[in-house]
2 protein chains.
Amino acid sequence: MLTVDKTDGTFLYEQVVHLIAGQVENGALRPGDRLPSLRGLSRRLDISVPTVRQAYLELERQGRIEARPKSGYFVQASRQNRLVRGARVSGKPSTVKRQALIDRVYDHIHQTGLLPLGIANPGMAHPATRTLHRAMKRVMARTESRLLGYAPAYGDPGLCRQIAYRYLNQGGSVDPAEVLITNGGQEALTLALQSVARSGDVIAVESPAYYGGLELIESLGMLALEIDTCPVNGVSLSALSKALEEHDIRACLFSAAVSNPLGCVSSDEGRRNLVQLLESRDVPLIEDDVYGDLVFSGERPRPAQFYAQRGQVLTVGSFSKTVAPGYRIGWLLPGRHLGRARKLKRAISCSSGLLQQLTLREFINSGDYDRHLNRLRPKLQHNAERMIACIEQYFPAETAISRPCGGSVLWLELPGGVDSEVLFDRAIDIGISITPGRIFSPADRYRNYMRLSFGHPWSEAIESGLEALGRLVRELAVSGRTPAPVPARHGQNLNPRVS
Amino acid sequence: MLTVDKTDGTFLYEQVVHLIAGQVENGALRPGDRLPSLRGLSRRLDISVPTVRQAYLELERQGRIEARPKSGYFVQASRQNRLVRGARVSGKPSTVKRQALIDRVYDHIHQTGLLPLGIANPGMAHPATRTLHRAMKRVMARTESRLLGYAPAYGDPGLCRQIAYRYLNQGGSVDPAEVLITNGGQEALTLALQSVARSGDVIAVESPAYYGGLELIESLGMLALEIDTCPVNGVSLSALSKALEEHDIRACLFSAAVSNPLGCVSSDEGRRNLVQLLESRDVPLIEDDVYGDLVFSGERPRPAQFYAQRGQVLTVGSFSKTVAPGYRIGWLLPGRHLGRARKLKRAISCSSGLLQQLTLREFINSGDYDRHLNRLRPKLQHNAERMIACIEQYFPAETAISRPCGGSVLWLELPGGVDSEVLFDRAIDIGISITPGRIFSPADRYRNYMRLSFGHPWSEAIESGLEALGRLVRELAVSGRTPAPVPARHGQNLNPRVS
């Protein structure tokens, strides 16, 4: 129980510092936990608000807690772990062959009963189910008679206006008629890629890259070229510049704000330079901006779209990551490729779900969407810190971890001996899904990497799942260090799972 | 008022025949109207049921009325108009260039305030809004917590089972795991085409063909080859056989049951022979079966899928035409192309709307879907007959009309001088949308044809719209017969709209 002794002789604020520090040390308060508000603690301890503030400032100075704008004070993550490294990639454009692996991952991704650390579904960390359903019921009551009809092919104009208006809030001017509503962000990616490239073309991607983009490139018969990507600043412009000299790159497919799986946010300056580099060579940039609203700080980075001078940036957005993947509503700002993208949209799926579009429009219009985001972001940040703390505790010390600025995933580099596909199978056996690293590279990189999702309400089950996962990683790290198995021609195979 | 005179001396049944015939002649009863039930009329006229039955049998013999299973007796359409002719097409595979025209049609298709005779949306003839919304609310109450998440990539297993079960009722065995849920029938077409063909390949299509298929072929860079199609029996097997000899046809894209725009249903025998012909040459058949449940007789034709021996038939189905296009839920039975189709589905759109899938599953499961179809089919048939009667009355005598066996559209051949694209523009000016004929052909056929939709609750507005449309057609037929306008180089253009 929290108490202070006013007769103790030491400063009251020091007693508060001692109390809080003690609770962090004994684990009662854990990384990411929110501290009581100034007013709340002042009431509970019967001391003044300035005294509590002084204590919190001292704890912040000591690096034990941190202030977050409009959210209060939180226990700081320890940050003692190693930061995941950037990959040095070099090589030729390659055909992607990730579908078989993705098949295996998908077979389990929706399996109920598994601890779903493999699926990136940030909105689930703080589901908006009730408010969204209320919005849907209002829409149903108001517009019942026309809800079964086709939505306009390019999207409900009211929703397009709302989306354009949100960009205005970020300082960019978007014409609602240039917003194309799609069946989720994935269809927007499809339209974007098919608008600017065709079978056989080379598409530059980050390394590691979102596997949904890689699978799409594979499906469309295009080639992928990995570009060096820094886990803090994103795609390396010098590497990209070199690749543009050496290869006939038809388009780039990069994350706009928060990358998946790295979780990093490039600087506005970096994005401006990227657009200048690409537009000077007339190479389209497809920016995947589905995580932009989930930057923990709430300071949304400006999409590359805003720096475009020649209409060569195509921006993919979605409501799947923030609120409702089941709705399948995303959008594309196709820049100067609007005409082609519209025709493709009509041809491949006619239009998108009407009730979902009207519901999201109502949800945004009522202010519920922003309120939801304001609650979701701190939850995600909290979860990230909790998960990092668990990994520090349960995984081998050599494990390196990304420092996500937003979104819902961590990217881990495991000890060299660990094959994350073997880990994937073993984890499924004990009821946990993860995403193995190799799925994020068209070549065979990231064998000992994996992605973990923290987009779920935090629970004991997640903690004990991470503990169990840590044990598996340790086991595999040890067995991976043993001498190489006798070659198969000698009639033995020590590890049938990866044969 | 209906009365009979029992002291009249003539047979009572003859008086009833006279009464009904008189009402048809004076227009009180119109083609497609339902007659009172046997019991109802017997009560109203105070005569026996067998007497009424005898009268109805006589009226049926005279061709004035017709019996429909489980629905009762209906005033027969006059059938005096000319049946639309089948096209003789010959030529080479051609690139499709219909997108500009489709652009123009789409610009108006969702314009509110227009009489929407251009859009094929049969379910609107008898909207299931209330029952479907009740089903949705039950689903929302029951499964609220997981409704925002992703649906399984290949579809909700329960809905897949329901779809498979419905095929069982038609005598075909479909494994639920082979049903792939899509974003409407159009995405199913996309997956089917992309599963079996690629850019540059030749796809055989009907003539006339559904423009959504043509636009898709155009978007994917494929070529279309029109095959002679009979307005009664569908695709000509001899023409197809010849085309297969002469061209390297990669796949066929044909209607399964009710063709759009012809409205015809091929025979089961014809479909069996078609499948045999194609499978013997290992050419995949994509059958567009979205209208199968809307055959007026309720006798659903067996899809070509059931005759497939080698997995080379891909069947496209949808709930858009029967109940809710705004839901964007369709499906594909990809036959032996299942693996490729699944990967494509994941790559191009991840999954389909979850709430919509669960709602349709509930709607089918409750029996509401079948009850809805049983009410919708007679409405559509009634509308078809009404519309045919109006066209006979208001359009020039040379107009030829299709005899749809189901669905919601009529296909009209207008007098030779009428350019239906000019008619399209003029009709928009007076508040009516139609679909011009050229949109249904990759070549420039069907200039003087048009499609009209009867998938709306019948109304005075539709009748007066058809009257106005008939006037426009007459005007254009006359101006089309006048000598050709003076060539433009003489500084005149008598018809600026088509310059």
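Take each residue of peptide A:184-193, count the partner chain Cβ atoms within 10 Å of its Cβ, and average: the result is 3.
When only Cα pairs below 8 angstrom with a gap of at least 6 residues are kept, segment A:241-390 shows a relative contact order of 19 percent. Restricting segment B:93-132 to trypsin sites (Lys or Arg not before Pro) that sit in a DSSP loop and have at most 15 other Cβ atoms within 10 Å of their own Cβ leaves B:Lys97.
Taking B:Ser219, B:Ser37 and ordering them by how much accessible surface each has at a 1.4 Å probe, largest first, produces B:Ser37, B:Ser219. Calculated FRET efficiency, A:Ala177 to A:Lys97, Cβ-Cβ distance, R0 = 41 Å: about 0.55 to the nearest 0.05. Given a Förster radius of 51 Å and the C-beta distance between B:Glu398 and A:Arg130 as r, what FRET efficiency does 1/(1 + (r/R0)^6) yield to the nearest 0.05? Taking R0 as 51 Å, the efficiency between B:Glu398 and A:Arg130 is 0.25.
Per residue, the solvent-accessible area of segment A:140-266 (1.4 Å probe, heavy atoms of protein chains only, all protein chains present) comes to 31 Å².
With its label point put 7 Å out from Cα toward Cβ, B:Lys137 sits 0.9 nm from the same residue's point in the other copies, in order from shortest.
Within segment A:270-293, which residues have the backbone N less than 18 Å from the label spot 7 Å out from A:Gln170 along Cα→beta-carbon, could you tell me? Residues A:270-276, A:285-293 qualify, since their backbone N sits under 18 Å from the label point. Between B:Arg272 and A:Gln111, what FRET efficiency comes out of the Förster formula 1/(1 + (r/R0)^6) with R0 = 30 Å and r the beta carbon distance, rounded to 0.05? Computed FRET efficiency for A:Gln111 and B:Arg272 comes out at 0.15.
Residues with amide H under 5 Å of A:Ser318's amide H, sequence separation 5 or more or different chain, H placed in the peptide plane at 1.01 Å from N; which? Distant-sequence amide H within range of A:Ser318: A:Trp331.
Diffusion coefficient of segment B:159-214 by Stokes-Einstein, Kirkwood radius over Cα pairs, 10 °C, 1.306 mPa s: 119 µm²/s. Dividing the radius of gyration of the alpha carbons in segment A:95-136 by their Kirkwood radius gives 1.17 for Rg/Rh. Think of each Lys and Arg Cβ as +1 and each Asp and Glu Cβ as -1; about the Cα centre, that makes the dipole of the protein assembly as shown roughly 840 debye. Taking the Cα centre of segment A:12-75 as reference, the dipole from Cβ charges on Lys and Arg (+1) and Asp and Glu (-1) amounts to some 320 debye.
The 3J(HN,Hα) values that the Karplus relation (6.51, -1.76, 1.60; θ = phi - 60°) gives for segment A:128-143 are, in residue order, 9, 3, 5, 5, 5, 5, 5, 4, 4, 5, 4, 4, 4, 5, 7, 10 Hz. Gly and Pro appear as x. Rounded to whole Å, give me the distance from the Cα center of segment A:169-220 to that of segment B:186-258. Going from one Cα centre to the other spans 29 Å.
Can you compute the modelled spin-label distance between A:Gln62 and A:Arg336, with each label point 7 Å from Cα toward Cβ, in nm? Here the answer is 6.0 nm between the modelled labels. Computed extension gain for B:Asn374 through B:Phe11, at 0.36 nm per residue and net of the alpha carbon distance, reaches 127.1 nm.
A point 7 Å from Cα along Cα→Cβ stands in for B:Thr95, and the other copies hold the same point at 2.6 nm, listed in rising order. Placing unit charges on the Cβ atoms only, positive for Lys and Arg and negative for Asp and Glu, gives chain A a dipole magnitude near 1020 debye about its Cα centre.
Surface composition of the protein assembly as shown: carbon and sulfur atoms hold 48% of the protein heavy-atom accessible area at a 1.4 Å probe. For the peptide A:320-330, the mean number of other protein chain Cβ atoms found within 10 angstrom of a residue's Cβ is 5. Over segment B:130-198, the alpha carbon radius of gyration divided by the compact-protein estimate 2.2 N^0.38 Å works out to 1.35. In this structure, the amide hydrogen of B:Gly406, modeled 1.01 Å from its nitrogen in the peptide plane, lies closer than 5 angstrom to those of B:Phe296, counting only residues at least 5 positions away or on a different chain.
For the segment B:210-219, counting C-beta atoms of other chains within 10 Å of every residue's C-beta and taking the mean gives 3. Put a dot 7 Å past the Cα of B:Ser37, heading toward its Cβ, do the same for A:Arg104, and the two dots end up 6.4 nm apart.
According to the Cα-based calculation, Rg over Rh for segment B:138-282 is 1.04, with Rh computed by the Kirkwood formula. Over the protein assembly as shown, the Kirkwood radius and the radius of gyration, each from Cα atoms, give a ratio Rg/Rh of 1.05. Considering only A:Leu338, A:Leu285, A:Gly270, the residue lying farthest towards the positive end of the dipole of segment A:235-388 is A:Leu338, judged by Cα position with unit charges set on Cβ.
One quarter of the convex hull surface built on the alpha carbon atoms of segment B:127-369 amounts to 12.3 nm², the projected area averaged over directions. Protection proxy ranking, highest mean first, for peptides A:56-64, B:271-279: B:271-279, A:56-64, where packing is the per-residue count of other beta-carbon atoms within 10 Å, averaged.
Calculated [222 nm] ellipticity per residue, helices only, for the protein assembly as shown: -13000 deg cm²/dmol; basis is -39500 (n - 2.57) per DSSP H run with n ≥ 4, divided by all residues, nearest 500.
The mean of 1/r over all pairs of different alpha-carbon atoms in chain A, once inverted, gives a Kirkwood hydrodynamic radius of 24.3 Å. Note: segment A:12-75, Cα convex hull, 75 Å³ per residue.
Computed over every Cα-Cα pair of segment A:373-481 and binned at 10 Å starting from 0, the pair-distance distribution P(r) comes out as 15, 49, 30, 6, 0 percent.
Scoring A:461-467, A:259-265, B:309-315 by mean Cβ neighbours within 10 Å over their residues and listing the highest first yields A:259-265, B:309-315, A:461-467. Mind listing the label-point distances from B:Gln23 to the same position on all other copies, shortest first, one decimal in nm, points 7 Å along Cα→Cβ? Spelled out, the distances from B:Gln23's label point are 8.4 nm.
Taken across both chains, chains A and B shield about 4900 Å² of accessible surface from a 1.4 Å probe.
The values are calculated or read from the model by the stated rules, or taken from the named source; none is laboratory data. These numbers come from a predicted model, not from an experiment. All Cβ positions, even for glycine, are placed from backbone atoms using ideal geometry, and neighbour counts span all protein chains on display. We work out accessible area using only protein heavy atoms, side chains counted, and drop any ligands, DNA or RNA first. Shrake-Rupley method; radii C 1.70, N 1.55, O 1.52, S 1.80 Å.
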